[in-house]
Amino acid sequence: MRRNSWFETVAEAQRRAEKHLPSTVYGALVAGSERGLTIDDNLAAFGELGFAPRVVGHHAERDLSTTVMGVETALPVLISPTGVQAVHPDGEVAVARAAANRGVIMGLSSFASKPVEEVTETNPDTFFQLYWSGTRDTMVQRMDRARAAGAKGLIVTLDWSFSHGRDWGSPAIPEKIDLKTMVRLTPNVVTRPRWLWKFAKSGRIPDLTVPNLKPSDGGPAPTFFGAYHEWMQTTPPTWNDVRWLREEWGGPFLLKGVSRVDDAKRAVDAGVTALSVSNHGGNNLDTTPASIRFLPSIVEAVGADVEVLLDGGIRRGGDMAKALALGARAVMIGRAYLWGLAANGQAGVENVLDILRGGLDSAVLGLGRASVHELSPEDLVIPPGFTRTLGAGKDTTPPAAFQNRASHAWPTVPPKPLVLVPIGSTEQHGPHLPLETDSVIARAVAERAAKALPGPALVAPILPYSASGEHAHFPGTVSIGHEALHSVLVEMVRSLSLWAGSVVFVNGHGGNAASLRTAVSQMREEGHDVAWTGCGVPGSDAHAGRTETSLMMHLAPEDVSMDAAVAGDTRPLATLMPDLIAQGVRAISPSGVLGDPTGASAEEGRGLLDLMVSLTVRRMSAGITDSRGHLVEPEKSPSAVESKVAN
Ligand SMILES: Cc1cc2nc3c(=O)[nH]c(=O)nc-3n(C[C@H](O)[C@H](O)[C@H](O)COP(=O)(O)O)c2cc1C
């Protein structure tokens with residue numbers, strides 16, 4: 001009896017691929033560089049993330065569809081480009097057909113075994129992938145050909161450093177597979193008669209040429225290794241080259257392979273439409289952490305500007321749900337569909353896409369969401385320390401460079417810029433929020449305001465220590481007191497004024513207001529162009545309550561422990577103030593919370609942050625201050641009461 005070719009999970013597809021394929025071919029699919037630690041982490045990281053399911057209020061119908069770079073897809077998954085050499089005689093055409101049948105976008109590698117024209121004919125929703133390889137002329141020819149074939153987007157892959165040593169032994173890949181090689185590989189091949197039979201039936205032997213790199217003068221297509229050689233000989237690209245590629249292509253443009261926030265920002269500056277957070281499926285520099293760990297920081301930095309995708313380690317629909325919850329617009333899959341292809345051709349790829357659809361739908365259902373767009377970090381249990389942030393100029397790094405679009409070396413600082421200096425605190429924020437809560441909020445407001453303001457605006461490294469005397473008896477609090485803070489602010493302004501046009505302190509901690517008033521008014525009397533503003537919004541509660549908790553759930557969800565959140569004293573700040581001044585926070589609220597964090601949400605935090613930023617931008621644009629340099633709302637007179645600042 002014929003064995004049921006349907007499989008239940010991607011793990012089973014992998015087992016069948018291993019059985020079907022010669023070990024050399026299977027080895028090339030599972031490959032990860034060096035010790036394979038990155039590829040392991042790509043998988044393990046999804047296991048570290050948990051779900052936070054709901055039990056009532058589930059939606060009878062769920063919408064899993066989205067668009068990627070303007071192209072509709074029934075599922076938020078793309079076929080990631082891979083050189084599908086020798087896995088199946090129909091190669092990428094079988095994959096493209098499966099993707100078309102499931103309404104999914106096909107990514108075609110320039111190292112693929114099938115011509116782009118055949119693939120776009122099969123699946124019109126195809127993105128063509130290019131490496132920075134060859135001369136500019138050859139790259140233009142390749143892009144022209146893909147465009148003429150109807151490719152709807154270009155994927156440019158930049159995360160490859162020719163790091164191919166593998167401790168477990170790289171499989172030997174022949175220059176080309178002809179009959180002679182087949183004979184040489186016989187011991188390997190004869191143990192996989194079904195694989196050989198598929199090729200024999202198709203009347204072809206596995207092909208290791210790359211038709212999409214065929215020269216336009218009619219010469220033969222290079223072999224896989226010829227193409228690889230050309231790529232290795234090409235001088236690596238600069239950001240200007242990326243911009244040039246994007247302009248030459250002129251359509252939707254996805255940059256694949258980003259891990260760092262600074263690279264993501266430069267990609268945005270280069271005009272990309274989308275980027276994929278990726279480590280090439282563990283095939284670039286081994287020990288690079290899993291791509292999912294970088295996703296939140298990159299979404300936070302550029303998610304409002306471009307579409308952010310993720311690839312690496314997706315094996316289940318639940319993995320997709322986790323990536324989407326952390327802000328990915330869609331994911332890309334590599335090995336999962338290759339194993340499906342090896343196990344059962346086109347039907348095997350369809351089987352894999354169905355598995356992913358089923359798993360994603362279950363997750364969306366169980367999380368009580370109606371669509372993939374509603375997934376959010378709140379749906380996940382994110383263990384402390386899960387995420388990694390690279391190249392963000394975090395305030396834990398030495399304050400050597402300005403944190404702005406690019407990390408500025410001094411000659412690149414624009415003349416007489418406006419400098420925003422965020423001021424935070426290091427103080428207890430209840431049992432559920434981190435000590436740096438005020439710093440995270442102040443920096444986020446300053447960075448977003450700097451982007452929104454016209455003209456050059458730089459964000460200076462944050463001042464993380466300030467006046468937190470009222471929280472002094474809680475472990476973790478570090479306060480330098482008003483006197484020291486006053487001196488720091490004065491000296492900062494004197495130093496900044498040597499080259500800055502103007503200085504605005506963006507304060508995230510209400511306890512700093514007294515020092516800011518005295519220091520800023522002293523500096524204005526000395527003739528410096530300086531002002532300050534707070535991050536308050538009307539109606540916010542006092543400390544570690546709903547306002548700050550919502551903001552942190554939006555900005556740094558991995559650092560919020562909602563399990564530990566408790567309500568504190570909920571009286572308004574004005575009522576609490578005399579007791580606070582006389583006795584400190586601990587006497588009034590043993591937990592350190594003033595307010596009630598329990599109803600907080602990331603959604604609310606996003607709205608609050610937007611409001612904070614727009615109020616800050618409005619105040620800064622109007623430039624009206626009270627007599628001590630505190631920026632006030634434009635409609636209020638300069639003598640108006642100072643606005644409330646967040647704690
Ligand atoms: C065998 C193989 C070949 C690949 N070839 C390419 C390629 O030609 N172009 C490219 O951009 N990425 C290539 N990749 C990387 C994938 O597009 C994708 O980033 C990676 O496979 C995602 O990880 P996953 O396999 O865990 O899903 C390849 C990956 C594998 C496993």
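Every read-out reported here was derived from the displayed coordinates using simple, explicitly stated rules and does not represent laboratory data. From a predicted model like this one, the values you see are computed outputs, not experimental measurements. Neighbour counts are summed over all protein chains in view; Cβ atoms, including those assigned to glycine, are modelled from backbone coordinates with ideal geometry.
Between rounded, prolate and oblate, where does the stretch 417-622 land on the alpha carbon gyration tensor, with a ≥ b ≥ c its root eigenvalues, rounded for a/c under 1.5, else prolate if a/b exceeds b/c? Oblate, because a/c is 1.5 or more while a/b does not exceed b/c. Candidates THR412, PRO377, HIS59 compared by Cα position along the dipole of the chain: farthest toward the positive end lies HIS59, with charges placed on Cβ.
Loop exposure criterion: chymotrypsin sites (Phe, Trp or Tyr not before Pro), DSSP state outside H, G, I, E and B, at most 14 other Cβ atoms within 10 Å. Applied to the chain, the longest stretch between such sites is 169-498.
Pairwise alpha-carbon distances in the stretch 61-118 exceed 15 Å for 50% of all pairs. Sequentially through the stretch 376-386, phi angles give Karplus couplings (6.51, -1.76, 1.60; θ = phi - 60°) of 8, x, 4, 7, 10, 9, 10, x, x, x, 5 Hz, Gly and Pro residues having no value and appearing as x. In order along the stretch 539-547, phi translates into HN-Hα couplings of x, 6, 8, 6, 7, 6, x, 5, 5 Hz, rounded to whole numbers, per the Karplus curve 6.51 cos²θ - 1.76 cosθ + 1.60 with θ = phi - 60° and x for Gly and Pro. Considering helices alone, the calculated mean residue ellipticity of the chain at 222 nm is -12500 deg cm²/dmol, with DSSP H runs of length four and up weighted by -39500 (n - 2.57) and normalised per residue.
Reported to the nearest whole Å, the Cα centre-to-centre distance from the stretch 452-474 to the stretch 93-115 is 50. Using the structure shown, list the pairs from LYS114/LYS201; LYS114/LYS152; LYS214/LYS256; LYS19/LYS214; LYS152/LYS198; LYS198/LYS256 with a Cα-Cα distance above 25 Å, or answer none. Over 25 Å apart, Cα to Cα: LYS19/LYS214; LYS152/LYS198; LYS198/LYS256. Over all distinct Cα-Cα pairs of the chain, the Kirkwood formula returns a hydrodynamic radius of 27.0 Å. Amide H contacts under 5 Å for VAL68: THR73, restricted to partners 5 or more places along the chain or on a different chain, H placed in the peptide plane at 1.01 Å from N.
Here each label is just a point 7 Å from Cα along the line to Cβ, and for MET577 and VAL55 those points are 4.6 nm apart.
For the stretch 1-68, the alpha carbon positions stretch 50, 42, 27 Å along the principal axes, listed from largest to smallest.
Look at the alpha carbon pairs under 8 Å that are at least 6 residues apart: their mean separation over the length of the chain gives a relative contact order of 14 percent.
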